[in-house]
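The values are calculated or read from the model by the stated rules, or taken from the named source; none is laboratory data. For clarity, every value in this text was computed on a predicted model and none was experimentally measured. Note that each Cβ is placed from the backbone with ideal geometry, even for glycine, and that neighbours are counted across all protein chains shown.
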């Protein structure tokens, strides 16, 4: 077992998951992979099970009964990582919007002591997004600005889902109290880490629109992010975070 784990939540990612895992396995640093699949009807989990036969010590799979959400998938992944003593815990999407080759930079930032949470940021150096429609870009930028203003977070990409987190940060969370999903989950993780006194650092990446499959974005996810920032703010004020 290696000391770094990459958690990848999946739902209908059969077109991407094999290529993604192969690229992660080929990285010049030792990392393990955990796929948390939400009962994908397209056979995503079946593909991962087949790959485990080849890399039994590097690839892991949690199969869930249905589409239970991004936040709960990561919470299960965090618990898996803590139980198995992983020191560096990474999050990334399965759709190649995050480049596997950026993983070493994120892990190195935490390993070197520069930060406790290294965030793959789309906005730390201007806007680094490829092939997004203007409307979605505008919505994302405003959502991050809104979250920063309400919460006070000292980062520009509050909703980033590409990161490396030191084990001690995850250990500080009461994982059973984290209930956010979607973008709100990422905001909550950053906010809780920051409020606990851990150091956050943005590492500039190029974010690319997914090549295969369908985006999981929905109005429900947007609405949750809008009200969740206020919930986090008030909980912080009244000491119930």
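Would you say residue 170 is in a helix (DSSP H, G or I), in contact with a helix residue (DSSP H, G or I) (Cβ under 6 Å, 6 or more places away or on another chain) and touching a residue at least 24 places away in the same chain (Cβ under 8 Å)? So residue 170 fits the description; yes. Right, residue 160: crowded, with 20+ Cβ neighbours inside 10 Å, at negative phi and at pLDDT 95 or above or not? Spelling it out, residue 160 is indeed crowded, with 20+ Cβ neighbours inside 10 Å, at negative phi and at pLDDT 95 or above.
Scanning the stretch 173-193 turns up one or more residues that are crowded, with 17+ Cβ neighbours inside 10 Å, at pLDDT 95 or above, in contact with a strand residue (DSSP E or B) (Cβ under 6 Å, 6 or more places away or on another chain) and within 24 Å of residue 3 (Cα to Cα). Taking the stretch 200-231, which residues are assigned to a helix (DSSP H, G or I) and at pLDDT below 70? 219, 220, 221, 222, 225 - these are the residues of the stretch 200-231 that are assigned to a helix (DSSP H, G or I) and at pLDDT below 70. For the stretch 133-153, the tally of residues that are surrounded by 13 or more Cβ atoms within 10 Å (Cβ to Cβ) and assigned to a loop (DSSP other than H, G, I, E, B) stands at 1.
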